[in-house]
Amino acid sequence: MGFMTGKRVLIAGIASNRSIAYGIAKAMYREGAEIALTYQGERLKGRVEKFAQELGSGPVFELDAGSDESIQKCFSDLGKVWDGLDVAVHSIGFAPKEELDGSIVENTTREGSSIAHDISSYSFLAMAKYARPLMQGRENPSMLTLSYLGAVASIPNYNVMGMAKASLESAVRFMAADLGQDGIRVNCISAGPIRTLAAMGIKGFRKMLDQFAAAAPLHRNVTIEEVGNAAAFLCSDLASGITAEIMYVDGGFNTVGMVICPEDDAE
Ligand code: NAD
Ligand code: 0WE
């Protein structure tokens with residue numbers, strides 16, 4: 001029997017079969033969870049419905065992270081088909097593309113910063129607002145979001161998304177303190193770089209993946225399957241003592257202070 005048997009899970013953030021959210025959904029489904037999915041707009045509806053069929057034919061809802069009404073409607077519709085919710089997964093991040101290039105001081109705008117923080121950070125808190133009532137009286141409920149090292153260290157071009165991820169990681173701690181009263185755990189996975197739609201068109205992403213693999217203790221990149229497995233663990237009863245945690249699934253990259261590149265190590 002899987003370690004998430006009987007858990008009802010809502011997962012927001014599937015856009016393709018490369019999405020981290022897809023890796024999470026697959027792992028949780030494999031471990032026996034019932035899966036509900038959300039999609040960002042009509043454009044993605046058909047695709048997400050197809051993924052839902054593959055994941056046990058659970059319900060599908062629209063969720064626009066930038067709209068309180070949309071988030072509220074998603075959870076109120078969910079409450080009509082499920083009598084409760086055990087897990088809510090937030091795998092959503094966005095900043096206008098022009099913000100993720102070059103000088104943060106020159107290129108960041110008030111509007112771009114506002115959008116990045118709204119979609120990438122505030123929306124996790126907003127989801128908690130509407131998930132909380134559905135989680136009352138459930139066994140070991142929890143929430144999970146996805147972050148990146150750019151929250152705590154500067155990374156070229158990640159720019160205002162780094163500020164938004166710092167805000168998101170702080171939200172994890174404050175939400176854990178608040179929702180802990182209701183027995184709800186709140187955790188975060190900080191994943192290494194993965195080629196997803198959100199990584200497409202980021203200048204030099206290929207090179208970043210290679211440099212990451214060269215420096216990481218495991219000497220390779222991580223996969224959505226590996227993030228999915230860690231997510232399933234964190235949202236299962238196996239992790240009942242864990243909350244407010246930022247768990248790195250990055251092959252150890254975040255712990256390395258210096259590496260010597262083989263090609264520069266001639267002596
Ligand atoms: P992805 O493009 O597959 O997923 C991003 C999702 O965000 C998409 O499903 C998109 O529809 C959704 N989204 C964006 N704006 C939205 C809005 N307004 N309303 C609703 N949904 C919206 O890319 P991904 O890499 O799987 O990203 C998922 C999460 O993982 C993000 O938070 C990202 O920051 C984080 N992350 C990604 C990496 C990486 O290298 N790919 C590394 C660490 C963390
Ligand atoms: O969090 C992310 C993705 C962030 C992201 C990406 C895009 C591209 C398309 C947010 N908004 C947008 N908006 C778009 O229009 N990652 C961790 C992946 C990522 O993105 C980077 C990275 C890494 C790693 C951007 C610059 C540098 C490194």
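The values are calculated or read from the model by the stated rules, or taken from the named source; none is laboratory data. On a predicted model such as this, the values are computed, not experimentally measured, just so you know. Ideal geometry is used to build each Cβ from the backbone, glycine not excepted, and the neighbour counts take in all protein chains shown. Surface accessibility is based on the protein's heavy atoms, side chains included, excluding ligands, DNA and RNA. Shrake-Rupley method; radii C 1.70, N 1.55, O 1.52, S 1.80 Å.
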Kirkwood Rh for the chain from C-alpha pairs, in Å, is 18.9
When only the heavy atoms of the protein chains count and the probe is 1.4 Å, how do 163, 135 rank by accessible area, highest first? 163, 135
Average accessible surface area per residue within the chain, 1.4 Å rolling probe, Å²: 48
So what is log10(I(q)/I(0)) for the stretch 196-267 at q = 0.14 1/Å, when the Debye sum runs over its Cα atoms only? -0.61
For the stretch 82-152, what's the radius of gyration and Dmax over Cα atoms, in angstrom? 15.9, 50
Given charges of +1 on the Cβ of Lys and Arg and -1 on the Cβ of Asp and Glu, with all other atoms neutral, how large is the dipole of the chain about its Cα centre, in debye to the nearest 20? 540
Only Lys, Arg (+1) and Asp, Glu (-1) charged, at Cβ; the stretch 121-184 dipole about Cα centre in debye: 100
Sequence gap at least 6, Cα distance under 8 Å: using those rules, report the relative contact order of the chain to the nearest whole percent. 20
Cα gyration tensor shape of the stretch 42-84, rounded if a/c is under 1.5, else prolate or oblate by comparing a/b with b/c: oblate
For Cα pairs less than 8 Å apart in space and 6+ apart in sequence, what is the mean separation divided by the residue count of the stretch 24-95, i.e. the relative contact order in percent? 25
Quick check: Cα centre of the stretch 150-224 to Cα centre of the stretch 48-99, how many Å? 21
At 222 nm, what value in deg cm²/dmol follows for the chain if DSSP H runs of at least 4 each add -39500 (n - 2.57) and the sum is divided by all its residues, to the nearest 500? -12500 deg cm²/dmol
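Ignoring any ligand, DNA or RNA, what whole percent of the accessible area of the chain comes from carbon and sulfur when the probe is 1.4 angstrom? Don't jump to the answer; show the numbers that get you there.
Values: 6810 of 12800 Å².
Carbon-and-sulfur percentage of accessible area, whole number: 53.
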For the stretch 123-267, averaging the sequence separation of alpha carbon pairs under 8 Å that lie six or more residues apart and dividing by its residue count, the contact order in percent is 27
